[in-house]
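K.L.:
Quick one: structure below, then a few questions.
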Amino acid sequence: MIQEPLLDVRNLRVRFETPRGLLRAVDGVSFSVAPRETVGIVGESGSGKSVTMLSVLRLFPPLARVSVSGQVLFEGTDLLRLSEAELREVRGAKIGMVFQDPLTSLNPALPVGEQIAESLRTHRGLSRGAARRRAEELLELVGIPDPGRRADDLPYRFSGGMRQRIMIAIAIACEPKLLIADEPTSALDVTVQAQVLVLLERLQRELGMSLIMISHDLGVIAATSRRVLVMYGGWIVERGSVEEILERPGHPYSAALTRLVPDLDQPRDEPLVPIPGQPTPVVGHMPGCRFAARCGYAMDRCREETPPAVALATEHISLCWLSADGIRPAPAPTPAGGRR
Amino acid sequence: MLDARLGRIEDVEEARALARQGTLSRAGDLFWPAVIVALVLLALTGDALAPYSPTAQDVGARLLPPFATSGRGFHLLGTDPLGRDLLSTMIAGTRLSLFIGATATFIGLVIGVGLGMAAGYYGGAVDRLVMRLAEAQTAMPMFLVAILFLVVLGPSVFNVIVLLPALVWPAFARLVRAETLRLRETLYVEAAVATGCTGPQILWAHILPNVAPRVAVLTVIEVGHVMLAEAGLSFLGIGVQPPDVTWGLLIARGRPYLAVAWWLVTMPGVLLGLAVLAFNMLARRFEVASGSAA
Amino acid sequence: MHAQSPGRFVVTRIRDGAGILLLVTVVIFLLGYGLGDPATLMSPVDATPEQIENLRRLLGLDRPLYVQFIDYFGHLLRGDFGESLWQYRPALPIVLEALPFTLLLTATALVLAGLLGGINGTLAGFWAGSRFDRATNFLTVAAVSVPSFWVGLILIAIAAVRIQLFPTSGFTGWQSLVLPAVTLAVVHGGRIHLLVRSATFEEMTKPYAMVARSKGLPDRLILWKHVLRNTSVTVATTIGWEYVRMLGGAAFAVEVVFAWPGVGQLMINAANRHDFPVLQCAVIVAGAFVVATNALVDIGYRLMDARLRVA
């Protein structure tokens, strides 16, 4: 029995008008997310991963000249065709988002309990008292001690990790079906990162949500997601299960990313190999593969023709000429068990 | 669909976006600079372009409204109480209005940038002194001080040009000081110091080029302010004196006839407003393009 | 960021203000007695050099400058600004009679400008890029590009020729206030609009604004609860500083246009009559007022800032 996907993105294109020309931030992205599933999107900054998810809720910066085409089907409804008012009912209530930097994502002038409660009052119509009580419950759920008193505190009184938990509480307040976490741990200390990831996993299970985890850190994705989408230059260059991508990557970019994840079993003197160069935004026309300029395996064909989507296994697709020729890039050495 | 720069155009959305970015926007960018260029040209060549001599009186053609015709010919903007063609007098006023605006702003710029760099770079007592002066300047009712100044020294073009820089130098000084403070900490300035460059050398070669863009934007804005201030002083009779003519003076000249000949007051004001508007819009374009505003 | 406590700051600011006022007084003195020659100014046009010299000695203008200044300053502290050459009574009361009119006009104009500019500016910044924003944007930039005295003249032309609803000259009752106040409010309201729009827009680009939108909150709620809370201090101080600007020039020119009996009108009359004592007195009194207002705005900003930090 094939499940109806919760979220079905079809051929999404997002373009920004900039002084230098038309920027194709997201160029023909398609993927789907099933109910209760965790999907990871990995890529460097500028790959289009954040823009993709912001486009789902149409959260563009004010004054941005952007045009969007394609379809974003959530529970069967195309979010891109909804009016602003209809979209507002989806935001926060059916789809929740956790943002990267909890320091700047929380309003510095409002108590945290209030920032949770306002979602509840807006979407669930709760009274002030009921919303406040529920907010305290949520704070407890995400692990903030003494929620009764701390709900009145301003954000600056909390540590970075706790602020991120509060952000999560805000995002799940109305029990959304889908939670999008955009770099939820990137601004946190390493020790705190693990705690937040564990929290997200637990909440996902308890609330039965789908989770989209966005990160530039493949280690974070590996720890939480079942399926992975690798993005570069506005394309999904590879998609597959976590094991496939980590152990048998088909795309040179994915392979390079795996080499960046430090491994405890790695010999001490083996260096981490960074990917040379910087991602460049795609303005105007760019023939061929977007990764060609930085790819160690690039051939002439890569620079001239758009690479095809090649199925390397069931549910494992790579957008690469190398894959078309049946060649795999060399991955990082993996000990048995794949501990990272 | 194919576009030379983009290869395949994916869909209607892209086509629309491209159209928006196309020629129409380029033309829009040129409009206000064109206005300024036109005004400058007018200032330089005005006498030749004016339909009549600005001083030619014709009592038989007094106080004619715009689009009227007299014995001499067509008067686009009407005539004044002495029969002088308004358009011609306005053109004649362009030169001095722009000249005073530009000169006074330039002097203020030199003073402000110089003091600002000194304050930012050397800090300490120099900084405190400059900032105190700037504060005192902005806290004073400049207009009233200007009146006193011009009464004591006598109103004239020269005195106005001496006085008006006082209005703008604090803004330049503050901007340049802030930028200098920021730049002082950069690596290449430290490197320059390490290789033995002297203060003035560093200021001239390193800091000045980097503050120049923002100073340029501020200059454009301040020219507008100075022109408005000069118009105010001349309007009150303590600025430019006849036979010199600026737009402010023209407004004053038309004031007694406001009820019967509204164009005498309105037209010079419109021209002045247009000039200042052009400067302001130009400054805004710079700011939007550089991303420092919306 | 602030090294001093609010209390300390108030003291420092007042001290600074006093220092500025002293500086103003010195500058005025130098302008009058150093650069200018009061004796010549106050003598009739046909006076002989000996008569002018006599006058000079009579006024004590042949003494060293610093001696004159001490004398001058001493008089100032006692409220003695000399006697008006035109009205034959002390200068200070003359100026103090005109001051309330200026205050009335500028305060009214400020309230109008603050309401208009503040409200429209906030909305324009909140809905940046909308038709409302683009329309008001052009209008306000145009408004700050024209001299306020010209706006006043245009309003007079319209009122006198067409509508005849409000008086256009002097002070004959509350209706006289309308046109001059509206004139000032147009230009200054325009600038307040632009500054408030800019501040609000900046708030909207901050991450928490996007988070608020992602929660699906209605626009009105976002504006009231989130954005305004963070922009209100900026808006208040913008209005405060705009008042200082208003006193810096526009207000006085508008007074002259409408024959409004305030300090500006007084100064122009005194200027035309070479009434030196009144000129000096007016500048110093107005200067004191501007300095005080400036200090108050600075202190107010600092106090509001402090309260926000604690809260």
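K.L.:
Among the residues of the range B:6-16, are any at pLDDT below 80, aliphatic (A, V, I, L, M) and out of contact with any helix residue (DSSP H, G or I) (no Cβ under 9 Å at 6 or more places or on another chain)?
P.N.:
yes
K.L.:
Which number in (1) over 30 Å from residue A:92 (Cβ atoms); (2) in contact with a helix residue (DSSP H, G or I) (Cβ under 7 Å, 6 or more places away or on another chain); (3) modelled with pLDDT under 90 marks the one condition that residue C:154 misses?
P.N.:
The failed condition is (3).
K.L.:
While we're here: In the range B:205-255, how many are within 13 Å of residue B:157 (Cα to Cα) and acidic (Asp, Glu)?
P.N.:
Adding up the residues that qualify gives 2.
K.L.:
Moving on. Tell me which helices (runs of 4 or more DSSP H) are completely within the range C:237-311 and hold 3 or more residues being at pLDDT below 85, or say none if there are none.
P.N.:
Of the helices (runs of 4 or more DSSP H) lying wholly inside the range C:237-311, those with at least 3 residues that are at pLDDT below 85 span C:276-310.
K.L.:
Out of curiosity, is residue B:231 surrounded by fewer than 20 Cβ atoms within 10 Å (Cβ to Cβ), among the small types (Gly, Ala, Ser) and either in contact with a Pro (Cβ under 7 Å, 6 or more places away or on another chain) or not in a loop (DSSP other than H, G, I, E, B) (or both)?
P.N.:
Taking the combined requirement at face value, the residue does not satisfy it.
K.L.:
For residues that are closer than 30 Å to residue C:274 by Cα, aliphatic (A, V, I, L, M) and at the interface with another protein chain (Cβ under 8 Å from one of its Cβ atoms), tally how many sit in the range B:237-282.
P.N.:
Residues meeting the conditions: 4.
K.L.:
I would also like to ask the following. Condition check: within 14 Å of chain A (Cβ to nearest Cβ), under 20 Å from residue C:245 (Cβ atoms) and among the aliphatic types (A, V, I, L, M). Does residue C:199 satisfy that?
P.N.:
The answer is yes for residue C:199.
K.L.:
Continuing with the same structure: Confirm whether residue B:285 is within 12 Å of chain C (Cβ to nearest Cβ) and of a type outside the set (Asp, Glu).
P.N.:
Yes, satisfied.
K.L.:
Those residues that are over 12 Å from residue B:92 (Cβ atoms), in a loop (DSSP other than H, G, I, E, B) and in contact (Cβ under 8 Å) with a residue 60 or more places away in the chain, I need them from the range B:240-264; list them, please.
P.N.:
B:240, B:241, B:260, B:261
K.L.:
Of the conditions (1) more than 10 Å from every other protein chain (Cβ to nearest Cβ); (2) on the phi > 0 side of the Ramachandran plot, residue A:92 satisfies every one except a single condition; which number is it?
P.N.:
Condition (1) is where residue A:92 drops out.
K.L.:
For residue A:231, work out the one condition from (1) part of a strand (DSSP E or B); (2) at pLDDT below 90 it doesn't fulfil.
P.N.:
Against the list (1) part of a strand (DSSP E or B); (2) at pLDDT below 90, residue A:231 comes up short only on (2).
K.L.:
For the range C:227-251, name all the residues that are within 14 Å of chain B (Cβ to nearest Cβ) and free of Cβ contacts under 8 Å to residues at least 60 places away in the same chain.
P.N.:
Of everything in the range C:227-251, those that are within 14 Å of chain B (Cβ to nearest Cβ) and free of Cβ contacts under 8 Å to residues at least 60 places away in the same chain turn out to be C:241, C:244, C:245, C:248, C:249.
K.L.:
Is one or more of the residues making up the range C:128-135 under 25 Å from residue C:241 (Cα atoms) and at pLDDT below 90?
P.N.:
yes
K.L.:
Taking the condition of being at the interface with chain C (Cβ under 8 Å from one of its Cβ atoms) and farther than 17 Å from residue C:223 by Cα, how many residues in the range A:101-120 meet it?
P.N.:
2
K.L.:
Considering only the range C:233-263, state which residues are of a type in the set (Gly, Ala, Ser) and under 12 Å from the mean Cα position of the chain (by Cα).
P.N.:
Within the range C:233-263, C:240, C:248, C:249, C:250, C:251, C:253 qualify.
K.L.:
Would you mind finding the one in B:183, B:167, B:87, B:109 that is within 29 Å of residue C:274 (Cα to Cα) and of a type outside the set (Lys, Arg)?
P.N.:
Checking each option against the conditions leaves just B:167.
Here's the yes/no breakdown for (1) away from chain B (no Cβ under 14 Å); (2) more than 30 Å from residue B:131 (Cα to Cα); (3) among the small types (Gly, Ala, Ser):
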position: C:15; (1), (2), (3): no, no, no
position: C:19; (1), (2), (3): no, no, yes
position: C:23; (1), (2), (3): no, no, no
position: C:44; (1), (2), (3): yes, yes, no
position: C:47; (1), (2), (3): yes, yes, yes
position: C:51; (1), (2), (3): yes, yes, no
position: C:57; (1), (2), (3): yes, yes, no
position: C:104; (1), (2), (3): yes, yes, no
position: C:116; (1), (2), (3): yes, yes, no
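K.L.:
What number of residues in the range A:68-89 are surrounded by fewer than 20 Cβ atoms within 10 Å (Cβ to Cβ) and facing chain C (nearest Cβ under 7 Å)?
P.N.:
1
K.L.:
Kindly indicate whether any position in the range B:91-109 is within 14 Å of another protein chain (Cβ to nearest Cβ), modelled with pLDDT under 80 and assigned to a helix (DSSP H, G or I).
P.N.:
Within the range B:91-109, none of the residues are within 14 Å of another protein chain (Cβ to nearest Cβ), modelled with pLDDT under 80 and assigned to a helix (DSSP H, G or I).
K.L.:
Another question, if that's okay. Select, from C:216, C:173, the only residue that is part of a loop (DSSP other than H, G, I, E, B), more than 28 Å from residue B:280 (Cβ to Cβ), at pLDDT 85 or above and not β-branched (Val, Ile, Thr).
P.N.:
So the residue among C:216, C:173 that is part of a loop (DSSP other than H, G, I, E, B), more than 28 Å from residue B:280 (Cβ to Cβ), at pLDDT 85 or above and not β-branched (Val, Ile, Thr) is C:216.
K.L.:
To continue, here is another question. If a residue counts only when it is free of Cβ contacts under 8 Å to residues at least 12 places away in the same chain and among the polar types (S, T, N, Q), which helices (runs of 4 or more DSSP H) contained entirely in the range B:148-226 have at least 1 such residues?
P.N.:
B:157-163, B:199-202
K.L.:
With the condition kept exactly as written, say whether any residue in the range A:154-163 is of a type in the set (A, V, I, L, M), in contact with a strand residue (DSSP E or B) (Cβ under 7 Å, 6 or more places away or on another chain) and either modelled with pLDDT of 90 or more or under 30 Å from residue A:260 (Cβ atoms) (or both).
P.N.:
Checked against the condition, which is being of a type in the set (A, V, I, L, M), in contact with a strand residue (DSSP E or B) (Cβ under 7 Å, 6 or more places away or on another chain) and either modelled with pLDDT of 90 or more or under 30 Å from residue A:260 (Cβ atoms) (or both), the range A:154-163 yields no hits at all.
The values are calculated or read from the model by the stated rules, or taken from the named source; none is laboratory data. All values reported here derive from a predicted model rather than from experimental measurement. No Cβ is skipped: glycine too gets one built from the backbone with ideal geometry, and neighbour counts run over all protein chains shown.
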